[in-house]
1. Hey, among L529, L465, which residue is part of a strand (DSSP E or B), touching a Ser or Thr at 6+ places or on another chain (Cβ under 9 Å) and modelled with pLDDT of 95 or more?
2. In the list I681, I704, which residue meets the criterion of being within 16 Å of the ligand (Cβ to nearest atom), within 27 Å of D343 (Cβ to Cβ) and surrounded by fewer than 24 Cβ atoms within 10 Å (Cβ to Cβ)?
3. Tell me, yes or no, whether segment 507-525 has at least one residue that is within 16 Å of the ligand (Cβ to nearest atom) and in contact (Cβ under 8 Å) with a residue 60 or more places away in the chain.
4. Quick one: which of N475, N499, N486, N490 is more than 16 Å from the ligand (Cβ to nearest atom) and more than 29 Å from Y567 (Cβ to Cβ)?
5. Among the listed residues R315, R336, identify the single one that is in contact with a Leu (Cβ under 7 Å, 6 or more places away or on another chain) and more than 12 Å from the ligand (Cβ to nearest atom).
6. Kindly provide the set of residues from segment 185-230 that are out of contact with any helix residue (DSSP H, G or I) (no Cβ under 8 Å at 6 or more places or on another chain), of a type in the set (V, I, T) and in a loop (DSSP other than H, G, I, E, B), ordered by number.
7. Pairs only if they're at least six apart or on different chains, beta carbon under 6 angstrom, first in segment 671-688 and more than 9 Å from L743 (Cα to Cα) and in a loop (DSSP other than H, G, I, E, B), second of a type in the set (F, W, Y) and more than 10 Å from the ligand (Cβ to nearest atom); list them, first residue then second.
8. Could you tell me how many of the residues in segment 90-107 are crowded, with 21+ Cβ neighbours inside 10 Å, outside any loop (DSSP other than H, G, I, E, B) and within 23 Å of the chain's Cα centre (by Cα)?
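The values are calculated or read from the model by the stated rules, or taken from the named source; none is laboratory data. What you are looking at is a predicted structure, and each value in this text was computed from that prediction instead of being measured. As a convention, Cβ positions derive from the backbone with ideal geometry for all residues, glycine included, and neighbour counts pool all protein chains shown.
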Amino acid sequence: MKKKQSIKKNYGQYLPLYNLGQLKSSITPFFGGDIKTDHHHYLLEPTTENDLYANHMSRNIIFTIDDEMYFLNGNTYLQQNDELQVEYDLLYQRVVRSNTLFSIESLSFIPLHDNLELLEVTIKNTSNKNLTLDVITAIPIYARSADNIRDHRHVTSLLNKVEINEQTVLVKPTLSFDERGHHLNHEAYTVSAYSPTTKVNRIITSLEDFIDGGSFNFPKGIYRKDFEPKPGYEVIGAIGFEPFILKPEETATFNISMGIFNQNEDALHIINKYKTKKSVEEAFKHMRNYFEAESSKLSISMVNKDVELLLRWVRFQPVLRRIFGNSYLPHHDYGRGGRGWRDLWQDLLSLILINDESVETLLFNNFQGIRIDGSNATIIGDKPGEFLADRNKIVRVWSDHGAWPLLTTLSYIHSTGHIEFLFKQQTYFHDQFTHYTNKTRDIETSEHILRVHNKPYLGTILEHLLLQNIVAHFNTGKFGFVRLENADWNDGLDMAKNNGETIAFTHFYASNLMKMAEVIEKINRPVRLFKSLYDLIFETIDLKTFFDNVSDFKDTTVEVDATKLSYQLVELYKKRIDHINENAWIKDTHLQSYITDSNVFLDTADTMNLTGQAMALLNETLTMSQAKSVADTTKKLLFNKDNGGYHLNSNYHKIMMDMGRAFGFSYNHKENGAVFSHMAIMYVYGLYNYNLVQLGNEGYKSLIMRAIHPDAHTVLGIPEYFTDKGVGKYLYLTGSASWLLKLLQEQVFGITFYYGKLTLNPKLVREDFINHRASIQTFIHGKLIKITYINLKNLDYGAYKIDKVLYQGQPINIEHTKIEGDIEVYLDEL
Ligand code: G1P
């Protein structure tokens with residue numbers, strides 16, 4: 001299932017490529033984008049959004065044809081009317097650029113295990129005369145850390161050592177530049193080019209010589225017959241070929257590779273594996289087979305082919321974020337690798353759906369990031385258990401962070417039935433911060449593990465969960481709602497640290513207490529907790545005393561009876577819900593979401609934040625009639641069908657220094673009121689919780705239909721948000737993808753598990769069926785199974801019930817039969 005497009009203009013569309021090694025790329029039909037293994041190792045110059053229109057620092061090839069220069073990237077005055085056909089799929093890009101003289105077909109992908117991107121280019125003479133061709137690659141080799149883009153850019157070029165080996169330019173900088181302590185560089189960055197048609201006749205490595213008084217658009221040095229590598233300069237991989245004649249209909253192929261290799265790898269040996277068309281074909285097949293197999297692990301057939309194609313990519317988006325973090329793609333120009341705490345838990349939601357074997361280990365490891373005061377490390381490195389306080393070394397507390405782990409853990413427990421996970425013992429994160437990071441202390445070790453009497457303190461996963469939720473629950477402000485701290489889910493609400501409150505996440509934490517009460521009741525065995533946590537839960541100490549106690553943690557543990565604990569959690573929940581009901585409503589129509597740093601409720605009867613409504617519905621803290629009012633008002637105040645659906649907030653028409661940077665953004669962009677996929681989908685999930693199916697269906701369909709719309713320029717998958725023009729931004733790397741998959745599986749297809757027990761409760765609408773069928777292939781108790789709903793009478797949601805379930809043509813009762821293979825579920829009138 002491919003996406004084919006005819007492209008007229010460059011709208012900055014890009015595609016991610018990666019492999020099972022370390023290589024990650026972004027690539028555009030104009031060959032922009034970059035290639036790297038991590039923040040400190042970029043082969044091509046790091047690309048931000050604007051660079052997508054200035055592609056000379058990227059993959060380029062210059063063809064001199066009968067004395068005129070043509071570029072692979074099309075950036076010459078002669079090529080402005082070229083036709084461009086692009087084909088994308090998992091995980092490659094094919095481009096055919098054609099004009100009256102020639103066509104150039106290219107294929108770009110990364111082999112599954114070797115850290116080099118391949119570019120196979122075939123030029124064909126489509127005219128009726130002989131063409132004389134001179135071909136030279138024009139690929140600047142950046143070969144250093146993204147930090148050096150404007151930090152000693154020139155000085156770092158002085159470190160460049162260049163070798164020419166066969167048809168490869170190898171750059172091995174002497175040092176990896178870092179003023180805090182330079183170290184020896186161990187990486188080699190390469191560009192190679194081969195052709196069966198013609199021989200290499202020059203290799204220019206100095207960018208200065210290549211440009212030779214011209215410019216990137218009109219380089220004047222490309223015909224110089226150099227073969228001498230020049231150290232200490234900006235490098236280009238300009239590998240030139242002997243001119244040749246291409247007759248009408250004849251083709252010539254060039255196999256180019258761009259790689260990053262560490263000192264333990266034999267770069268030339270790896271490069272040599274991909275010199276020929278045949279070897280590239282094999283690597284391509286191998287890569288395709290892998291992604292096809294992965295793709296089958298969660299595939300959905302519904303609505304139409306466009307929707308199916310979109311969902312095929314949505315399925316990969318959480319995987320992409322695991323690989324790319326919140327970095328490494330052109331819109332994500334702030335990231336340095338790693339992921340935020342919240343994103344880690346969101347991405348796990350979909351790994352649970354695809355039964356990824358690493359889920360339990362990842363989940364378990366993540367709990368190591370929780371501090372004994374209930375806060376947590378915020379940035380997670382590439383390796384399991386690698387946590388940092390924060391990206392910019394500014395320590396912050398996001399008030400929503402404590403809420404997500406329970407949601408993800410329960411999702412895991414319900415789908416597997418593995419409730420014992422809650423009793424696994426895990427350490428706590430330890431650094432200089434105490435009192436919810438408001439105070440610091442001196443620490444002697446860099447080990448990051450909390451110890452008591454020199455032994456790591458271990459608490460159960462359940463203790464970690466209770467800790468995060470109880471501390472957040474009691475961390476309230478003047479109005480009795482959870483303090484906003486440095487922001488909540490909305491990173492842009494970052495200027496209300498003193499008095500800000502998040503009513504939105506107050507719902508979430510309250511509901512989490514209720515959910516934990518239910519689990520504890522179900523387990524029905526004593527729960528061991530450290531003493532200060534026990535005291536806090538039972539309100540014999542306040543939060544301040546708790547923070548003081550644990551700042552020098554020496555607690556013993558106590559055992560608490562399950563019923564007693566569960567009862568207390570329910571009491572706390574009820575009190576808080578009463579408080580919300582009394583204080584958070586605007587005229588019974590919708591909910592307040594925030595209190596500003598100036599101690600004012602943010603919204604009025606005419607304004608709204610989606611977050612407050614979404615968190616209430618998602619966590620089912622409303623009655624049915626409250627939910628209906630909220631849903632009606634939200635549609636009235638925030639819904640815009642053509643632009644993707646639900647906006648994140650109303651337009652406040654002002655900068656709010658007492659709320660956050662978001663309101664400094666123009667309205668309808670990013671966290672100031674854009675159609676923000678993640679919150680919109682969580683809101684829709686909440687609508688389904690209350691069976692508000694028509695509204696929910698309209699909500700998520702608006703979003704995916706906008707993503708598919710050609711004017712959204714999203715290429716594939718769903719973007720983080722849509723602008724005022726309905727253009728998708730921050731492609732691929734978004735927590736909304738996990739939520740869309742979760743929504744489809746659990747709500748739309750109605751496949752849910754309760755402590756491992758499966759139920760089917762579809763909420764598909766009439767339009768979801770293709771030829772009376774809608775299906776999902778997903779994991780049921782660890783087995784990949786296709787569930788097909790069959791709606792022979794074209795019934796809409798509300799008019800059907802499950803009539804029978806067939807396995808191998810025989811009726812089964814899913815309550816009592818273990819599903820062993822694909823099933824068909826027949827729907828019939830109620
Ligand atoms: C991003 C961040 C997420 C944050 C959201 C709103 O996008 O990754 O952590 O909560 O912005 O500020 P998302 O992943 O939700 O698309």
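1. Numbers: L465 fails: part of a strand (DSSP E or B).
Checking each option against the conditions leaves just L529.
2. Details: I681 fails: surrounded by fewer than 24 Cβ atoms within 10 Å (Cβ to Cβ).
Exactly one residue qualifies, and that residue is I704.
3. yes
4. Of the residues listed, the single one that is more than 16 Å from the ligand (Cβ to nearest atom) and more than 29 Å from Y567 (Cβ to Cβ) is N499.
5. On the way: R336 fails: in contact with a Leu (Cβ under 7 Å, 6 or more places away or on another chain).
After applying the criteria, what remains is R315.
6. Looking only at segment 185-230, we keep the residues that are out of contact with any helix residue (DSSP H, G or I) (no Cβ under 8 Å at 6 or more places or on another chain), and these are 185-187, 189, 191, 193-195, 197-203, 205-215, 218, 223, 225, 227-229.
Now drop any that are not of a type in the set (V, I, T), which leaves 191, 197-198, 200, 203, 205, 211.
Hits for segment 185-230 are T197, T198.
7. Listed by first residue and then by second, the contacts come to G673/Y667.
8. The qualifying residues number 1.
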